Amino acid sequence: MDNEQEYSPGVLKYIEEAKKFLDKKKEHLARVKKLKFDTIAVHGLYTVEEALNQNQGAVIEPLYLSSSQAYRDSDELEAALSYLIPTWCYTRIANPTTYYLEWVLALLEGYQTGSDTSCLVTASGMSAIMSAVDPFLVKQKEGEEKINFVSSIQLYGGTFQHFSIRKMQERGIEVRWVEHQEDIEEWKTKIDENTRFLYSEAPSNPQQSFCDIKALADLAHSWEIPFIIDSTCATPALMRPIAYGADIVIHSLTKSITSGGLAIGGALVSRKPIVTNIKNDDPLFKESFAEYVKFLPYRDTGPAASPPNALFALNDLRTLRSKIDLVSQNSQKVAEFLSQHPRVYQVDYLGLENYPLHILAKKYMKLVDSDDGKGNEVNRYGHLLSFRVDGPPENARKVFDNLKIIFRATDLGRIKSVATIPAISTHLQQGEDAREKADVPPQLIRLCVGGENPDDITADLDQALNSL
Ligand SMILES: *Cc1c(COP(=O)(O)O)cnc(C)c1O
């Protein structure tokens, strides 16, 4: 809104009106920020007042399926399309239903971090990852040496493919893999002046690897580059990486956040501002990266979220904290059961005390707004675990095939327990070498424990393992 003088009185009228609206919104936002995590998750920015004045009293946020917005006159159209007033204009760029979800996620991911945040919701987790990394992978000057980024190799299979094929093979961007992401020294050896960002997934799917978030953020910032982390498996109920300095947090909303399993979606949440050495004329790039992506690259590339999917996610998200508490406690019981089973030679679960990365995860994964009676938050470790079945790979397949209650699906984060064999599903394309490096042997079954009574789940696993 720099050169207001250039606009006609009609356009200026709309800008004035928008200022009043934005001032009111700012006050409302300040009030919402004082609420507890569960209250924000349940209500977000949607108020009784908005329901009564605009939506016929609808208790639940309305679903706007319209692909575009109409304007009162040409002045309002001009103001809106120049981004001078808040508008949603066209669902590829923005949509009122998606907007409710974006605000809830921004607020939850920023909860008690001491930072302001902004959020962009996308069609899938993969498009959130693409939207987050691409703006940094641009040439800054002619004759520049090959650019690179440094990433943990323990990634979701789709992310590994995206980085190694789309970025490395097709675009010639060097991806420098870190094999032990908990080891900060390994990261240090991979960074140079052409490194654009550091990328981690923690806890990683399916290997349950973890990183020292604060140390990595500090390291990235010492090079004036951002630290991007995919925190899908933790959700903001267990971990808010922005509190430790992370610049951008990615979620596949498809997973634990939409545990009901009815929608695909992704989210990119950024701290305001982010650390970056990229020169970009738009001040939003640094000041509010998620909004920058939304208004520019996302508008031009089109990975827009679908409003019904946004509403499904929003509705599931309301009970995120209590649900993650439940499934984490169930997972702990199942992991302990599997650890004792004679047919199982290894269980990877961050909540097991003998798990090598337990201490590191313990530092970061805590149930928000919980209390152990001594004023500390309670540790919870999410619902992703994996176990390895004794003997040749056929044994793992047999156990898998004999599951009766647990669904066989390449799915994760469900309220129903689901299991998969990553070597023949999510991690099939990347080949044996990469699987070995990422420690995904064919004996490994990934299990995501849901909200069933855990005794029924352990009984199902027991009968399947005893079929060997
Ligand atoms: C599933 C997943 C993704 C990809 O999300 P989609 O919504 O399937 O595109 C990214 N990261 C992690 C950790 C995932 O589990």
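The values are calculated or read from the model by the stated rules, or taken from the named source; none is laboratory data. None of the values given here were measured: they were computed from a predicted structure. Using ideal geometry, Cβ is built from the backbone for each residue, glycine included, and neighbour counts are taken over all protein chains shown.
Summary table
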read-out: For I165: the one exception among (1) touching a Gly at 6+ places or on another chain (Cβ under 8 Å); (2) assigned to a helix (DSSP H, G or I); (3) hydrophobic (A, V, I, L, M, F, W, C); value: (1)
read-out: Matching residues in segment 257-272 - criterion: being over 12 Å from the mean Cα position of the chain (by Cα) and either of a type in the set (A, V, I, L, M, F, W, C) or not assigned by TED's automatic domain parsing to the domain that holds P203 (or both); value: L262, A263, I264
read-out: Test: residue in segment 400-410 that is under 30 Å from I242 (Cα atoms) and either within 16 Å of the ligand (Cβ to nearest atom) or out of contact with any Phe, Trp or Tyr (no Cβ under 7 Å at 6 or more places or on another chain) (or both); value: yes
read-out: Boolean, V104 is away from the ligand (no atom under 15 Å from the Cβ), farther than 23 Å from D300 by Cα and in contact with a Ser or Thr (Cβ under 6 Å, 6 or more places away or on another chain); value: no
read-out: Total residues in segment 153-183, condition modelled with pLDDT of 95 or more and either touching a Pro at 6+ places or on another chain (Cβ under 6 Å) or within 23 Å of D411 (Cβ to Cβ) (or both); value: 3
read-out: Of all residues in segment 422-453 being crowded, with 19+ Cβ neighbours inside 10 Å and among the aliphatic types (A, V, I, L, M), the one that is farthest from P206 (Cα to Cα); value: V449
read-out: Pairs where the first residue, in segment 241-256, is assigned by TED's automatic domain parsing to the domain that holds H221 and the second is near the ligand (Cβ under 9 Å from one of its atoms) and modelled with pLDDT under 95, C-beta under 8 Å, 6+ apart; value: S252/Y156; K255/L412; S256/L412
read-out: Long-range neighbours under 8 Å by Cβ, at least six apart or interchain, first residue more than 13 Å from L403 (Cβ to Cβ) within segment 439-468, second of a type outside the set (A, V, I, L, M, F, W, C) and part of a strand (DSSP E or B); value: P441/R388; Q443/Y345; Q443/R388; L444/S386; L444/R388
read-out: Matching residues in segment 289-304 - criterion: being free of Cβ contacts under 8 Å to residues at least 40 places away in the same chain and either loosely packed, with under 15 Cβ neighbours inside 10 Å or under 16 Å from I250 (Cβ atoms) (or both); value: D300
read-out: From K286, K333, K323, K294, residue being within 26 Å of C119 (Cα to Cα), modelled with pLDDT of 95 or more, outside the structural domain of A267 (by TED's automatic domain parsing) and assigned to a helix (DSSP H, G or I); value: K323
read-out: Positions within segment 207-258 being more than 22 Å from I359 (Cα to Cα), within 13 Å of the ligand (Cβ to nearest atom) and part of a loop (DSSP other than H, G, I, E, B), in sequence order; value: L253, T254, K255
read-out: Test: residue in segment 189-199 that is within 24 Å of F37 (Cα to Cα) and within 16 Å of the ligand (Cβ to nearest atom); value: no
read-out: Any hit, segment 133-148, residues being within 24 Å of A234 (Cα to Cα), more than 16 Å from the ligand (Cβ to nearest atom) and surrounded by fewer than 24 Cβ atoms within 10 Å (Cβ to Cβ); value: no
